[in-house]
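I have placed the structure first, in the form of structure tokens, so that the comments after it can refer back to it.
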Amino acid sequence: MFEPNEVLQVQSGRGALSAEGIAPVKVRYKLVVERRDGIVRAHGSVTGRHSALHPLWLTPDATLHLKDARLLAVSLTDLVGDTAEFESTEPVARG
């Protein structure tokens, strides 16, 4: 049995954020993996240069490259200064 919004993992590190047609951007990330309604999802924040993050914020689909080589399909939901919030766009595997 599981809790409705059970936090499974919190991770931070350095990685990259990319999207089709946009060069990868080096970022620092904080990732929260949790189970919501039986599905494992992720959300968090990335910090990088605002000018580099802005085109990714305008793009609906991006990929966060984690320090352990995992890839996470995300969408940036908010961008303020050099920090962007994101949510996963697909269920994620715990790593």
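Every number in this text was worked out from the coordinates using simple rules, so none of it is lab data. Owing to the predicted nature of the structure, the values given are computational and were not obtained by experimental measurement. Because the Cβ atoms are built from the backbone with ideal geometry, glycine has one as well, and the counts that use them run over all protein chains shown.
For this structure, a couple of remarks:
- Residues of the range 2-21 satisfying the condition of being in contact (Cβ under 8 Å) with a residue 40 or more places away in the chain and in a strand (DSSP E or B): L8, Q9, Q11, G13, R14, G15, A16, L17, S18, A19
- Taken over the range 61-95, residues that are assigned to a strand (DSSP E or B) and either in contact (Cβ under 8 Å) with a residue 24 or more places away in the chain or not acidic (D, E) (or both) amount to 19.
- Some residue of the range 23-36 being surrounded by fewer than 17 Cβ atoms within 10 Å (Cβ to Cβ) and outside any strand (DSSP E or B): no
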